[in-house]
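Every number here is computed from the coordinates shown, using simple stated rules; none is lab data. Predicted model only: the values in this text are computed from it and were never measured. A quick note on method: Cβ atoms are made from the backbone with ideal geometry, for glycine too, and the neighbour counts reach across all protein chains shown.
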Amino acid sequence: MHPILKLVSQRLALGLLLLLAASALIFVGTQILPGDVAQSILGQSATPEALANLRKDLGLNEPALSRYFSWLGGAIQGDLGTALTNGQDIATSMGKRLGNTLFLAFWAAVVSVPLAIFLGLVAVRYKDRWPDKMISAVTLTSISIPEFLIGYVLMYFVGVKLGWAPSVAMINDSMSLGQKLHAIALPVTVLTLVVLAHMMRMTRAAILNVMQSAYIETAELKGLSSFQVISRHAFPNAIAPIVNVVMLNLAYLVVGVVVVEVVFVYPGMGQYLVDHVAKRDVPVVQACGLVFAAVYILLNMVADIVSILANPRLRHPK
Amino acid sequence: MSDPLLKVRGLKIGATVYPPDAKPHKIKIVHGVDFELQKGKVLGLIGESGAGKSTIGLSALGYGRGGVELTDGEVWVNGRDILKGGIGDLRKLRGAEVTYVAQSAAASFNPAKKIMDQVVEASVSQGKFSRADAEAKARLLFDKLGLPDPDNIGSRYPHQVSGGQLQRCMTALALCPEPDLVVFDEPTTALDVTTQIDVLAAIKEAIRDTGVAALYITHDLAVVAQVSDEIMVLKMGNMVEYGTVDQIINHPQEDYTKALVSVRSINHEEKTPTQPILSAKNITARYKGTKFDVLHDVSIDISPGQTLAVVGESGSGKSTLARVITGLLPPKGGSTDFAGRTLTPDQPSRSREDLRELQMIYQMADVAMNPRQTVGTIIGRPLEFYFGMKGEEKRKRIAELLEEIEMGDGFIDRYPAELSGGQKQRVCIARALAAKPKLIICDEVTSALDPLVADGILKLLLNLQKREDVAYLFITHDLATVRAIADSIAVMYQGKVVRYGTKSEVLSPPFDDYTDLLLSSVPEMKIGWLENVIATRKMESAGN
């Protein structure tokens, strides 16, 4: 078998195993919370008889292991159960939310990843000179300020004072793409500012590391310009570490947007999760946890695979 | 005489150094050199490390490596002083008029790009040739340089060809834009001798056929004598002697040049083998997770107080043999007797006495020492560990050992970073000696050192052997070193001992094919040696 195929299938198998472990952890985590679903549905004043009946109806008297497998089996088939609070199918109501979150994360990534890499290249080109220092200072400042604060500051100045973008990022199906993009302009900006520093600094460090190599000297002695040396010779060898940090940040864009979504009242997964945590809707929390875990594992797996593919020794064995 | 292609006048080069515990300051590394190079001629720059030869070579491209600055002087190429122009002018010169061949092609090729892309890059981006023309030229050069499958080798990645082939690709890279001058910076130093001779011949032929001028930088006088018209000897950034090859090789004027010419002339009388102290029998070994044996049925004996040299090219299994004997790699088959007892195959189960009597010295002295320990601590460690020495007694013994390695106890509180390469290796020898071993395994201990320094280390090892009656297993790829130090020799090739016996037996004919190839590939300090060897080989292969 081609070594690449072997490595990639190993990564896939590991990813699936990890996802299984994550599902077990999520299930156990929600089980060890005090009280159970029946208690939460009926409230503190419920009679013991009513509780016993409901537990029987919900199958809560089954051993935890069999409940885990029936939950997992359902999840694999796309059935995440029904929400306790409103009795709706979780998969259906979450599907739209997830779509919205991915929409927001996608556009944040489209802006932030090329920008971060470009700024990283510029920082390398002007290493230790003012453009490098300024890029570092600005991105570090923006990552140091909590995202809700950036959110409110932008909302006040850009949204309220200047009126350039709506301060509440409501979107729905009837809006055109342009309208949607206009609506999410502010949360995209906040997310970009939050993830930019990390990716830009990693790009800078990875390329600077490669710049020490002898083949960079060879390139310089061919009379290439600094930018040609960096983009043609240094960047291709720095892809693996850059992809890893890019994927970590993409995962953050999906999983970590909770705060930003709440600040901008954006109808995404974050809002959905926060609402149902507040109501102790355990099946929804479990489902959200599973989806977040899957996204996280998937993106990191992609990073691993891209790193493998970026290595010419693996792509073209002797 | 026509205007020279390259004219260097009063070139001074400095660098900024950043010592860990002092303020950054500027040092001078080249103190004003002058030389000229006519079209189509080859000038050899020779000297030890730190002589400034690479720095001077790179100045022909207006380039300073790291913090190196060309502070003063003139470098004229094709009638222009290239130090006067800006970086834009230099970029037009680099890769077009002047090109560079680096020591390690393996490190100097970008691992992420195909060979052809890199070979034609300068020609195309400098606008000298179209991509198609440049590729056609590159294929011709691949063919001329004796690369296999010249039409397709360019579509491979650097890791897919061997070191010797890559070095030839690097030469093609430098010749492809049809430059006026090529700077060769130790292009064969990292290669095995049998590969070196082919690359050397290919480079020489390419220089002759293209009529390009060259600066050829090396520390090996025998190599430079084969390719150059003139030689400049450098020492510590100063020119020592400058003349034709004949003048330098046959009639050197300066003491330093004479020392370089007569290096490796240690005369060592071989001793007759006696009852062996170490006897490895039928060793077969393989590394974990691999499918091939790296040692096949290897048997060697070492007599007490004598030296067995194990010689071979990279990958021949010399160092693996050392790992088996020291127990770092338990063998698949075979056994090792040492001082009348059989050693256990793996190192952790060996007695302290076994460990003490079998010591090791490595190629890279600077990574074999803890940089945060003083020389005293490094040498003192085996004294504590094996003999339980403490306080004044230990200090006295350390001073004695430092005396033995000709350094004196003034070094006792120094850190490795404050020592020269030769001194570091001496400290490693003292550390091995501190255990009072019966056998020391020396793994390429002089390979990383300059010839004169290496000579000093070899003399020291021979003296210590006389005084302490210690045996050496001396691993090396360098036949001159073998001649200088060995009593017996084992020639290894592809994991097998192909020739074994006393030094006089092994080094006298009739030879087996491999030993013959190995011996005839070692450059000799004679003008025309390379042509003779190549001609002889061609005749032999024609005869076959």
Roughly speaking, what % of Cα-Cα pairs in the stretch B:221-345 are separated by over 26 Å, rounded to a whole number?
50
Can you figure out the FRET efficiency of A:Ser136 with A:Leu20, using R₀ = 56 Å and their beta-carbon distance, to the nearest 0.05?
0.85
Calculate how steeply helix B:375-387 sits against the longest principal axis of the alpha-carbon atoms of chain B, using the helix alpha-carbon long axis, and give the answer as 0 to 90 degrees to the nearest 10.
30
What percentages make up the Cα-Cα pair-distance distribution of the stretch A:90-304 when the bins are 5 Å wide from 0?
1, 7, 13, 16, 16, 15, 11, 8, 6, 4, 2, 1, 0, 0
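Across the residues of B:96-102, average count of Cβ atoms on other protein chains within 10 Å?
Numbers: counts 2, 1, 2, 4, 5, 2, 5.
Average per residue, whole number: 3.
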Residue-averaged beta-carbon neighbours from other chains (10 angstrom radius) around A:309-316:
3
From the helices alone, meaning DSSP H stretches of at least four residues, give me the mean residue ellipticity at 222 nm for chain B, per-run term -39500 (n - 2.57), in deg cm²/dmol to the nearest 500.
-11000 deg cm²/dmol
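Which entries of B:Lys271/B:Lys526; B:Lys114/B:Lys332; B:Lys424/B:Lys503; B:Lys318/B:Lys438; B:Lys390/B:Lys424; B:Lys92/B:Lys137 show an alpha-carbon separation above 32 angstrom in the structure shown?
From the list (B:Lys271/B:Lys526; B:Lys114/B:Lys332; B:Lys424/B:Lys503; B:Lys318/B:Lys438; B:Lys390/B:Lys424; B:Lys92/B:Lys137), the Cα-Cα distance tops 32 Å for B:Lys114/B:Lys332.
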With labels modelled as points extended 7 Å from the Cα through the Cβ direction, what inter-label distance (nm, one decimal) is found for A:Thr47 paired with B:Glu269?
11.6
log10 of Debye I(q)/I(0), alpha-carbon scatterers only, for the stretch B:278-508 at 0.07, 0.09 Å⁻¹
-0.22, -0.36
Between 0 and 90 degrees, rounded to the nearest ten: what's the tilt of helix B:529-543 against the longest Cα principal axis of chain B?
80
Rounded to the nearest 20 Debye, what is the dipole magnitude of chain B about its Cα centre when Lys and Arg each give +1 and Asp and Glu each give -1 at the C-beta?
1380
Listing A:Glu147, B:Glu392, A:Glu220 from the residue with the fewest other Cβ atoms within 10 Å to the one with the most, what is the order?
B:Glu392, A:Glu147, A:Glu220
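Which whole-number percent gives the relative contact order of chain B, counting Cα pairs below 8 Å spaced six or more residues apart?
RCO, chain B: 15 percent.
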Which of B:Asp450, B:Asp346, B:Asp487 comes first, and how do the rest follow, when ranked by fewest Cβ neighbours within 10 Å?
B:Asp346, B:Asp450, B:Asp487
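If the chain between B:Thr502 and B:Lys288 were fully stretched, how many nm would it gain, using 0.36 nm times the residue separation less the Cα-Cα distance?
So the extension gain works out to 73.7 nm.
Pairs of Cα atoms under 8 Å, at least six residues apart: use those to get the relative contact order of chain A, whole percent.
Relative contact order of chain A: 26 percent.
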If you count, for every residue in B:106-117, the Cβ atoms of partner chains within 10 Å of its Cβ, what is the mean?
5
Considering just Cα atoms, how many Å³ per residue does the convex hull of the protein assembly as shown enclose?
251
For the stretch B:288-313 and the stretch A:245-318, compute the distance between their C-alpha centroids and round to whole Å.
55
